[in-house]
Amino acid sequence: ACPSCDASQLCNCSSMGLDFIPHGITAKITVLNLAHNRIKHIQSQDLQQAVNLRALLLQSNKISSIDEDSFWSLGKLERLDLSNNSLAHLSPVWFGHLFSLQHLHLQGNTYRDLGQSSPFSSLKNLSSLHLGNLQFSVIRQGNFEGIELLHQLWIDGSNLSQYEQGSLKSIKQINHMILNLRNSNIFSEIVRDLLHSVTWLEVRRITFSNAAEMQVLRVMSSSFVKKISFRQTLLTDATVPEIVSILEDMPKLVELELVDCRLLGTGQWKMEIQAKKSQTLRILTIKKLSIEEFYLFTDLQSVEGLLSLLTRVTVQNTKVFLVPCRISQHLQSLVYLDLSANLLGDLSLEHSACQGGWPSLQTLNLSQNSLSDLERTSKSLSHLGNLIVLDISQNNFGEIPDVCDWPKSLKYLNLSGTQIPKVTTCIPQTLEVLDVSGNNLKEFGLQLPLLKELYLTRNQLKTLPGAAPIPNLVSLSVRRNKLNSFSKEEFESFRRMKLLDASDNNFICSCEFLSFLHHEAGISQVLVGWPDKYVCDSPLAVRGAQVGAVHLSLMECHRSLVVSLICILVFLVILLLVAVGYKYHMVWYLRMTWAWLQAKRKPKRAPPKDVCYDAFVSYSENDSDWVENTMVRELEQACPPFRLCLHKRDFVPGKWIVDNIIDSIEKSRKTLFVLSEHFVQSEWCKYELDFSHFRLFDENNDAAILVLLEPIQGKAIPKRFCKLRKIMNTKTYLEWPLEE
């Protein structure tokens with residue numbers, strides 16, 4: 001059974017090592033997650049009661065068979081994920097009753113085709129369909145009958161070798177088509193069927209290595225696609241001109257995207273690209289383009305004609321260290337430029353943003369580059385008369401000058417994570433939004449009359465910035481600083497604000513502070529970072545929850561005091577334990593335990609050369625008269641005499657008693673136990689039994705000799721010496737007679 005199925009409508013049984021669908025799936029469950037288990041078979045009765053199920057997630061199991069009526073009761077199911085299993089075929093009967101199904105994921109199985117007909121003909125509400133695997137090789141006519149409109153169709157056909165013309169023509173419209181193909185001929189055949197039905201075509205893992213291959217793809221020039229994306233695609237100097245030529249001819253193409261692609265070459269393209277036909281391309285996005293010899297790349301003069309109509313350009317994480325001035329000057333219509341995560345430095349930015357370059361630019365993102373001089377950066381961009389938004393975060397400026405020359409139109413400036421130690425009048429007065437988070441600022445006192453939003457997260461502020469210099473401030477974020485309270489004056493000055501986010505600080509909460517927040521502050525929303533459980537009737541908010549007459553626990557209101565009391569209490573407990581241990585010889589007992597463990601690890605038998613005694617005698621001091629005057633005298637005066645080890649006579653003076661016991665047992669051939677009522681009540685005799693227990697009784701020999709000086713009750717022998725009991729019950733021992 002899955003424990004979470006009893007608690008709510010969401011039943012999460014993922015990664016539990018299940019071999020089958022658990023029992024107890026009831027009608028109240030709407031989401032059932034069984035992903036990442038070991039389920040092999042879905043039976044008819046498994047989901048029979050789940051009539052209200054909306055999402056069934058079975059990905060990453062070992063499912064190889066499904067009973068035909070397994071899903072028949074799931075008429076409300078909207079999402080079914082069977083990806084990454086072992087289904088060798090797809091049956092239309094499985095999906096026959098899934099009238100509400102919108103999302104179906106079947107990729108990563110082992111089927112080679114979709115059958116002779118369409119498995120999806122009854123899925124009238126289907127929105128997204130994911131198909132394919134490494135064995136998927138055939139698409140036949142009729143496989144997609146019944147589907148007229150899809151938001152997303154993903155075909156993973158890296159080994160697709162046969163495509164029957166017209167197979168996808170039955171689908172009238174596909175908003176997003178993802179094709180993972182290697183065979184350019186198959187790709188061409190599929191595109192031919194989708195010339196007028198696809199809005200966004202995404203091509204993955206295809207290789208364009210020579211110009212001859214590109215002729216097969218010439219059919220794309222007639223496509224009505226508005227956006228085309230290439231992911232993990234290989235391009236060369238020979239194929240880039242051909243691709244651009246094809247894209248030029250596409251009548252409705254607006255956006256081109258290259259993500260995680262490789263370009264083998266240096267831009268030495270052999271044919272001049274004529275950019276006379278392309279009047280629709282407006283958006284170019286390049287992310288993580290790998291150019292192995294990027295340092296030899298040319299100035300791209302051959303594509304200048306394509307650039308004049310572009311309005312949005314993104315080139316991220318592509319090792320761009322310079323935008324040639326001629327390229328910048330040709331970007332006449334550009335309003336958005338993202339060059340983040342590249343290698344632009346102060347000198348290269350000055351050259352890239354040359355006079356006449358980017359004349360229409362409104363938004364510029366230069367975050368995560370190699371800029372280091374803020375004054376020089378501002379001067380390089382000062383001629384951009386339309387620039388409104390500038391992001392230069394995550395650069396290492398370090399210092400900030402007192403005066404900078406910014407574009408007069410600048411309203412948004414992001415300087416977060418730039419290592420500036422303070423803020424100065426370098427910050428332009430025209431700003432409406434300023435982000436200086438993550439800079440270790442200790443104060444903020446700038447006069448910014450137009451500022452509406454101020455972000456000071458992750459700094460070292462101990463007080464709120466003054467309100468008078470920023471009279472139009474509407475939103476202030478001071479999260480993760482060192483604030484510990486708000487004064488009444490600070491709140492009074494910020495009454496007009498709509499949002500003050502001061503969560504994750506060091507607030508010292510008190511009843512007075514809460515009362516002030518509730519009754520006196522006029523801010524419509526205050527985030528002070530206390531737990532979400534405080535839900536009251538105030539217009540103020542704590543992480544979005546309404547706050548009023550909050551009752552805080554002792555720990556929450558007096559944290560320092562409580563922590564101090566806990567430390568004192570722990571210290572007193574430790575002191576008490578030390579005193580008790582001293583009184584009851586705890587250190588001695590610990591040493592005894594350590595000696596016992598060391599003795600247990602020693603070899604069971606001492607080497608013959610170390611054996612000095614015939615027997616070690618273990619007895620109670622109360623029985624010493626009989627032992628010393630009777631037993632010892634008889635044995636040591638026998639012929640030949642026996643050599644006995646007695647603690648009174650043979651223990652080494654100054655040596656720890658426990659060590660003496662262990663050494664004496666090890667150096668004796670036998671151990672004589674003189675058992676009596678006094679013996680079993682003696683602590684030292686018990687220790688000798690302890691040490692001999694594993695040393696002698698674990699050996700199947702007669703090393704232990706028991707002499708009962710007087711009758712002993714069985715219950716008087718400690719229970720932990722089970723082998724001593726066994727020896728007394730199974731082997732012969734000596735009894736000293738009552739009448740000597």
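So for each of 576-584, 236-244 I average, over its residues, the number of other beta carbons within 10 Å; can you give me the resulting order with the highest mean first? Please report the intermediate quantities before stating the final value.
Numbers: 576-584: 10.6, 236-244: 19.6.
Going from most to least packed, we get 236-244, 576-584.
Taking the Cα atoms of region 1-130, report the difference between the largest and smallest coordinate on each principal axis, in whole Å and largest first.
Each principal axis gives a Cα extent; for region 1-130 these are 43, 26, 23 Å.
Under a 5 Å amide H to amide H cut-off, with H placed in plane at 1.01 Å, what residues pair with ILE470 once short-range neighbours are removed?
Result for ILE470 returns LEU448.
With Kirkwood's inverse mean 1/r over C-alpha pairs for Rh, give me the Rg to Rh ratio of region 409-486, two decimals please.
Numbers: Rg = 11.5 Å, Rh = 12.4 Å.
Result for region 409-486 is an Rg/Rh of 0.92.
Could you work out how much longer the chain between LEU561 and SER624 gets when fully extended? Use 0.36 nm per residue separation minus the Cα distance between them, nm to one decimal.
Numbers: separation 63, 0.36 × 63 = 22.68 nm, distance 6.24 nm.
Value of the extension gain: 16.4 nm.
Once you sort the root eigenvalues of the Cα gyration tensor of region 606-658 as a ≥ b ≥ c, which label holds: rounded (a/c under 1.5), prolate (a/b larger than b/c) or oblate (the other case)?
oblate
What are the semi-axes of the equivalent ellipsoid for region 208-260, taken as the square roots of 5 times the Cα gyration tensor eigenvalues, largest first, in whole Å? Before the final figure, lay out each step's value.
On the way: eigenvalues 60, 41, 13 Å².
Taking √(5λ) for each Cα gyration eigenvalue gives 17, 14, 8 Å.
In whole Hz, with x marking every Gly and Pro, tabulate ³J(HN,Hα) for region 94-109 from phi via Karplus 6.51 cos²θ - 1.76 cosθ + 1.60, θ = phi - 60°.
3J(HN,Hα) across region 94-109, in whole Hz: 4, 9, x, 10, 8, 5, 9, 5, 10, 10, 10, 10, 10, 6, x, 9.
Amide H neighbours of THR314 under 5 Å, counting only residues 5+ apart in sequence or on other chains, H built in-plane at 1.01 Å?
It is LEU284, THR285, ILE286, ASP338, by chain and number.
Roughly what would the spin-label model give for VAL570 and LYS731, points 7 Å off Cα along C-beta, in nm?
It works out to 5.2 nm between the two label points.
Quick one: Cα centre-to-centre distance for region 625-651 and region 81-108, in angstrom?
90 Å
For the peptides 133-139, 650-656, 335-341, what is the packing order when you average, over each peptide's residues, the other Cβ atoms within 10 Å and list the highest mean first? List each step's numbers first, then the result.
On the way: 133-139: 17.7, 650-656: 11.0, 335-341: 19.9.
Peptide ranking by packing, descending: 335-341, 133-139, 650-656.
By its C-alpha gyration tensor, with a ≥ b ≥ c as the square roots of the eigenvalues, how is region 178-225 shaped: rounded for a/c under 1.5, else prolate for a/b larger than b/c, else oblate? Intermediate values should be presented prior to the final figure.
Numbers: a/c = 2.01, a/b = 1.38, b/c = 1.46.
Note, shape of region 178-225 comes out oblate.
Rounded to the nearest 10 Å², what accessible area does ARG218 show when all protein chains are kept and the probe is 1.4 Å?
About 70 Å², ignoring ligands and nucleic acids.
If each Cα of region 187-288 is one equal point scatterer, what is log10 of I(q)/I(0) from the Debye formula at q = 0.11, 0.12, 0.23, 0.24 Å⁻¹?
Log10 of I(q)/I(0), two decimals: -0.30, -0.35, -1.49, -1.61.
Summarise the accessible area of region 1-130 (1.4 Å probe, protein heavy atoms) by the percent that is carbon and sulfur.
On the way: 2800 of 5670 Å².
Ligands and nucleic acids excluded, carbon and sulfur give 49 percent.
In what sequence, highest mean first, do 612-624, 249-261 appear when ranked by Cβ atoms within 10 angstrom? Don't skip to the answer; put the middle values down first.
Values: 612-624: 19.5, 249-261: 17.5.
Ranked by mean Cβ neighbours within 10 Å, highest first: 612-624, 249-261.
Kindly identify region 254-365 as rounded, prolate or oblate by the Cα gyration tensor criterion: order the square roots of the eigenvalues as a ≥ b ≥ c, call it rounded if a/c is under 1.5, otherwise compare a/b with b/c, prolate if a/b is larger, else oblate.
rounded
The values are calculated or read from the model by the stated rules, or taken from the named source; none is laboratory data. Not measured: the values here are computed from a predicted model. In this analysis, Cβ positions are derived from the backbone assuming ideal geometry, glycine residues included, and neighbour counts consider all displayed protein chains. Note: accessible area is taken over every heavy atom of the protein model, side chains too, but ligands, DNA and RNA are not part of it. Shrake-Rupley method; radii C 1.70, N 1.55, O 1.52, S 1.80 Å.
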